[in-house]
Amino acid sequence: MADNSSAVGGEFSWRPINGQVIVVQILVMIFICINILLITTIFIKECFYRTARYILFAVTLLSDSLVLILSDILLILSYFHFTMHVWLCIIICVVVLLYITVTPVTLTAMTLERYMAICMPLRHAELCSTRNALYCIFFIHGCSSVPCIVILSTFFASASLSLYNEHKACSVEMFILYRWQDHIRSAVYQLYFLAMYIIIVFSYVKIIRVARAASGENKKSTSKGLRTVILHAFQLLLCLIQLWCPFIETAIRHTHFMLFIQIRYINYIMFNLAPKCLSPLIYGLRDETFFHALENYAFFCLCKKKYCLTK
């Protein structure tokens, strides 16, 4: 039997935690721990936090970690039917909406960095300096804030003032009051992802041309850069599918509610969590320099822990 208790900011319904929620918590904890290890490795070595591609890699890891934590919190609150003030939910969702977009935009910037490294090697150091990388981070956040501003603008224009003082279950879908708002959100995001894929295809074609003309070590480096671009494209594809998931879920919800619950769970695992684990794979494991630094740091921490335990 559900036990309704009052909570700060609203109500929640206590219910036993099922296996699906436990699996999600385990996966989130694993990804967060891996990301923390990777971020720490970047910031302990000067050669990493002064190199453009590793700076952008750190932005991706921080963005993924923030979205993972906040989306997991919203998932738990939704599971227990916790309600909160709409204005508080708006603050949380603004951060989620912003950083959902920051990750794919950063991936596109990283693709352009690989394009410059392979196709414009003489100008790479100048164009991808530490200062320009910091400017790029500001530009990434500026571009990523546009969809968030559009969604919020349509919400503020449609919502009544009394709505902000109401208690509701917090989710990004709360901003969609009318069907046309959903269409605008979809159009903006798909326009963004179309532009990103054009950039990735452009980089891919240019790198292929260089790969055909390269030889020896240059050919090996170019082929590795080409594989990185392909992995970025696959990662962006997963992010794009994530935008289509709400349409599929809405259609199923009206016909079969239990199937809707299962589909939503699968979508969260496949298209929310899965893209977050690809960044460590692309740069954390495939990059030999970074992998050796990560290996040495992890080994040092393990040895230090054993030393403390034996002492």
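The values are calculated or read from the model by the stated rules, or taken from the named source; none is laboratory data. This one's a predicted model, so the numbers in the text were calculated from it and none came from an experiment. Quick reminder, even Gly has a Cβ in these numbers, built from the backbone with ideal geometry, and neighbours come from all protein chains shown. In case anyone asks, the SASA skips ligands and DNA or RNA and just uses the protein heavy atoms, side chains included. Shrake-Rupley method; radii C 1.70, N 1.55, O 1.52, S 1.80 Å.
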Which ones in the range 157-177 are outside any helix (DSSP H, G or I) and surrounded by 11 or more Cβ atoms within 10 Å (Cβ to Cβ)?
ALA159, GLU166, HIS167, LYS168, ALA169, CYS170, SER171, ILE176, LEU177
Is it true that CYS143 is open to solvent by less than 30 Å² (accessible area, probe 1.4 Å), under 30 Å from CYS245 (Cα atoms) and of a type outside the set (Val, Ile, Thr)?
no
Please identify the pairs in which a residue from the range 188-202 that is of a type in the set (Asp, Glu) has its Cβ atom under 9 Å from the Cβ atom of a residue that is part of a helix (DSSP H, G or I) and open to solvent by 10 Å² or more (accessible area, probe 1.4 Å), counting only partners at least 6 apart or on another chain.
none
Within the range 130-151, is even one residue small (Gly, Ala, Ser) and modelled with pLDDT under 85?
no
With respect to TYR164, determine if the residue is out of contact with any strand residue (DSSP E or B) (no Cβ under 6 Å at 6 or more places or on another chain), of a type in the set (Phe, Trp, Tyr) and within 22 Å of SER63 (Cβ to Cβ).
no
So if I check each of ILE137, ILE151, which one is within 19 Å of the chain's Cα centre (by Cα), more than 20 Å from ASP64 (Cα to Cα) and crowded, with 16+ Cβ neighbours inside 10 Å?
ILE151
Give me the residue from the range 97-106 that is of a type in the set (A, V, I, L, M, F, W, C) and more than 14 Å from PHE155 (Cβ to Cβ) and, out of that set, least open to solvent (accessible area, probe 1.4 Å).
VAL102
Only one residue in LEU56, LEU27, LEU38 is open to solvent by 30 Å² or more (accessible area, probe 1.4 Å), at negative phi, in contact with a helix residue (DSSP H, G or I) (Cβ under 9 Å, 6 or more places away or on another chain) and at pLDDT 85 or above. Which one?
LEU27
Determine whether ASN272 is surrounded by fewer than 16 Cβ atoms within 10 Å (Cβ to Cβ) and at pLDDT below 80.
no
Where the second residue is open to solvent by 40 Å² or more (accessible area, probe 1.4 Å) and part of a helix (DSSP H, G or I) and the first is farther than 18 Å from HIS141 by Cα and lies in the range 86-97, which pairs have Cβ atoms under 7 Å and are six or more apart or on separate chains?
VAL86/TYR164; TRP87/TYR164
